[in-house]
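Just so it is clear, none of the values below were taken in a lab; they were calculated from the coordinates. Keep in mind that this is a model prediction, so the values were computed, not measured. When we count neighbours, we look across all protein chains shown, and the Cβ atoms used for this are built from the backbone with ideal geometry, even at glycine.
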Amino acid sequence: MVSKTVTIVNEQGLHMRPAGMFAKEMTKFQSDIFLDFQGKKINAKSVMHIIAACIKCGAELTVECSGEDEQAALDKAVSLIESGLGE
Amino acid sequence: MLNGIGGSAGYGIGTAVLISEGKPEYTPCEVSDAEAEIKRFEDAVTLFTERTQAMADAMRETVGEHNAEILEGHIVMLSDPFMQDEIKGMIRSGSCAETAVDHVCDMFISMFSQVEDELTRQRTTDIGDIRVRLLKILTGTPEVNISEVPPNTVLVAKDLTPSMTAGIVKENVVGIVTELGGKTSHSAILARALEIPAVLSVENVTSMVTDGMTIAVDGCGGSCILNPSEAETEEYRKHREAYLKEKEGLEVFRGKPAVTADGKQVRLYGNIGSPEDAEAVKAGDGEGVGLFRTEFLFMETDQLPSEEEQFEAYKKAAEIMEGKEVIIRTLDVGGDKDIPYLGLSREDNPFLGFRAVRYCLANEASYRVQLRALLRASAYGDIKIMVPLVTSVEEIRRVKELVADIKKELDAEGIAYNQDIQVGVMIETPAASLIADLLAKEADFFSIGTNDLTQYTMAVDRGNAKVAYLYSAYHPAVLRSIRNIIEAANREGIMVGMCGEAAADTLLIPLLISFGLGEYSVSATSILATKSTIAKWSKEEADRLASQVMELSTEAEVAAVLKANKR
């Protein structure tokens, strides 16, 4: 498993649009991908779970990927979050 | 008789079509061929996605990007592989697709309803919508399609959402009755634009009405009758005829100046939301545009409109009006008007927050683009610049500085514009009203925005049904405020207009005449009626009524006296 801690930078946090975009990108990977946020493990491929977690701007979370393409998945997840998810 | 709020004038009698967003009935059953059932579910999802995308695309055209995105969010949510796996899992263990969808949506609704964050909790409504529409597809229940209602329909709904109203065919709908909303809600504005009689805020009406019931709608008085008796039907028919006849009678005012009974002329203008609307103002006999809301330019795109795009829009309005006055309000974002790409953060009190001129002056670079486009367009007609939500003298001074600065730029570049372009203030806050005398020394003109002025003066959220009764321009506080603004402007010799709903209010017009209002800006469809009301009052008669009304101490007393003196 590989993991990295990142900070949410987009102002509105992970609401519908960025969460949907992020989850969609994550489903392209074989690996299991979870967001560890305040002790909860959120399935990063599920837009519903991401939205329900209410992740706001400035929140820190850890992306955890495990599987064949784990490094690629982690890199993608981190770059998406750090770039503000298109917002 | 059921009472509500008259949202759009006129009378209509027709057959109820209940726009219900309720869950369709289904009988849960055991499924033997799970794979076939999963296929049925997947087909439903495909159809859901196609239909939703089509709706979103249509809405992007008619009501703008923001509403379209809400619908597209439904597609995103339903595409969640986790959610789909849950549903398929239930089907594999023997449930039918309906039960599985219903159950899994329930699960998510309960998950979301426990979230503390208000915005996130609202997603339960979206999941509820997804569930209803998916179940309708699975059970073969037809989806509500307002565009297909038969002629002579009275639409009955909790509230009309933009997605529903987008499909209304004016010819087939004779009335609208809703449980929510007030005079300035989306449903009301739309109904007036389509000239369909509407009664809003009728308590529990959706549970009292069944499809096929006859309903008589009185959009003037704000009431409706379910299953009217023959006598009542006859009465409504008479009202309807009289109303239509009156409307026809207004035609004699077409093309004539707006004058009081004793010959004092005022300016009678129309409000518009896009350059094309200026055609409707002209068709409605307006002598100018008293309010051009520029938000549409910003809402219809996903980025700031360029100077060129804005210039073209303003120029077009000016050209359609052929040299007549066109007052253009600079961007009034915030409050209830969100423009997603501007990235405004969510506020606890958006109406008291970062909106309109406050936003514009803090984002000077993009404000300059709008002002420059306005100045350039002023070479093509009589454009005036109006600044919304002003609360202090500094704000109007700063805008005027920016305008002066941009004029220098244009001079240096040799670009034409109107050197004497006027910059005015929209008076819509108690602060602006109280310092109207000071603002009148800085501004070239005033326009009173009665909707916000009433809301801020009365400290009432006009969308909140529990306190909406307080929202009234007849309240002595609002009337005093309006009088103060008009008097301050007239003392300084600047033009003073009104661009809110009140300017078209038959009951208020005599007071406005008495106070000395110089310009009335109303919706294109109200111009002739306003002209006819103005013609019924002489200044002296209006003064007599005003001095009586301004002595009264309650809103109810004012309303009663104004009604008794209605002409």
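May I have the pair-distance distribution P(r) for the range A:2-82, computed from all Cα-Cα distances with 10 Å bins from 0 and rounded to whole percent?
All Cα pairs, binned at 10 Å, distribute as 21, 61, 17, 0 percent.
Over the Cα atoms of chain B, each weighted equally, I'd like the Debye log10 I(q)/I(0) at q = 0.13 Å⁻¹, rounded to two decimals.
Evaluating at q = 0.13 Å⁻¹ gives log10 I(q)/I(0) of -1.39.
Given 0.36 nm per residue, what is the gain on full extension from B:Cys29 to B:Lys256 after removing their alpha carbon distance, in nm?
Residue separation times 0.36 nm, minus the Cα-Cα distance, leaves 74.6 nm.
In square nanometres, what is one fourth of the surface area of the convex hull spanned by the alpha carbons of the range B:468-567?
If I average the Cα hull's projected area over directions, I get 6.3 nm².
Taking 24 Å as the cut-off for C-alpha to C-alpha distance, list the pairs among A:Lys56/A:Lys76; B:Lys158/B:Lys247; B:Lys247/B:Lys563; A:Lys40/B:Lys136; B:Lys245/B:Lys536 that go past it.
With Cα atoms farther than 24 Å apart: B:Lys158/B:Lys247; A:Lys40/B:Lys136.
Rounded to the nearest 500 deg cm²/dmol, what is the calculated helix-only ellipticity per residue at 222 nm for chain B, with -39500 (n - 2.57) per DSSP H run of length n ≥ 4?
-14500 deg cm²/dmol
Expressed as a whole percent, how much of the Cα-Cα distance distribution for the range B:34-139 exceeds 25 Å?
Beyond 25 Å sits 22 percent of the P(r) for the range B:34-139.
Please report the net charge: other residues with Cβ closer than 11 Å to the Cβ of B:Asp285, K and R +1, D and E -1.
Net charge around B:Asp285: +2.
What aspartates and glutamates does B:Lys88 reach when the alpha-carbon gap must be under 19 Å and sequence neighbours fewer than 8 apart in one chain are set aside?
Qualifying aspartates and glutamates at Cα under 19 Å: B:Glu30, B:Asp33, B:Glu35, B:Glu37, B:Glu42, B:Asp43, B:Asp80, B:Glu98, B:Asp102, B:Asp106.
Straight-line reach from B:Lys384: which lysines have a Cα under 19 Å away, not including same-chain ones fewer than 8 places off?
B:Lys282, B:Lys315, B:Lys316, B:Lys324, B:Lys400, B:Lys407, B:Lys408, B:Lys441
Can you grab the distance from the C-alpha centre of the range A:70-87 to the C-alpha centre of the range B:494-524, Å, no decimals?
Here the answer is 56 Å between Cα centres.
Using only atoms on other chains, find how many Cβ atoms lie within 10 Å of each Cβ of peptide B:110-122 and report the average.
3
Would you mind estimating how fast the protein assembly as shown diffuses translationally, via Stokes-Einstein at 10 °C and 1.306 mPa s with the Kirkwood radius over Cα pairs, in µm²/s?
It diffuses with D of about 58 µm²/s by this estimate.
Just how far, in whole angstrom, is the range A:22-66 from the range B:259-276 if you go by their alpha carbon centroids?
57
If you take each beta carbon of peptide B:345-353 and count the beta carbons of other chains within 10 angstrom, what is the mean?
That works out to 1 on average.
For the ranges A:66-79, B:119-132, B:406-419, A:43-56, what's the packing order if you count other beta-carbon atoms within 10 Å of each residue, average per peptide, and put the highest first?
Averaged packing, sorted descending, gives the order A:43-56, B:119-132, A:66-79, B:406-419.
Return the calculated 222 nm mean residue ellipticity for chain A, to the nearest 500 deg cm²/dmol, obtained by summing -39500 (n - 2.57) across DSSP H runs with n ≥ 4 and dividing by the residue count.
Result for chain A, helices only: -10000 deg cm²/dmol.
Count charges around B:Ala258 for me, please; just the other residues with Cβ under 11 Å from its Cβ, Lys/Arg as +1, Asp/Glu as -1.
Once positives and negatives cancel, what remains is +1.
For Cα pairs less than 8 Å apart in space and 6+ apart in sequence, what is the mean separation divided by the residue count of the range A:2-82, i.e. the relative contact order in percent?
It comes to 47 percent, rounded to a whole number.
Taking a cut-off of 35 Å, what percent of all Cα-Cα pairs in the range B:258-564 are separated by more than that?
When all Cα pairs of the range B:258-564 are counted, 16 percent exceed 35 Å.
Taking each residue of B:360-373 in turn, how many C-beta atoms of other protein chains fall within 10 Å of its C-beta, and what is the average?
What the average comes to for B:360-373 is 0.
Taking the dipole about the Cα centre of the range A:2-82, with the C-beta of Lys and Arg at +1 and of Asp and Glu at -1, give me whichever of A:Met16, A:Gly58, A:Gln38 is farthest to the positive side.
Of the listed residues, the answer is A:Met16.
Cβ under 11 Å from B:Leu508's Cβ, B:Leu508 left aside: what net charge do those residues give with Lys, Arg +1 and Asp, Glu -1?
Summing Lys/Arg as +1 and Asp/Glu as -1 gives -1.
Ordered by packing density, taken as the mean number of other Cβ atoms within 10 Å over each peptide's residues, highest first, how do B:423-434, B:146-157 rank?
Final packing ranking: B:423-434, B:146-157.
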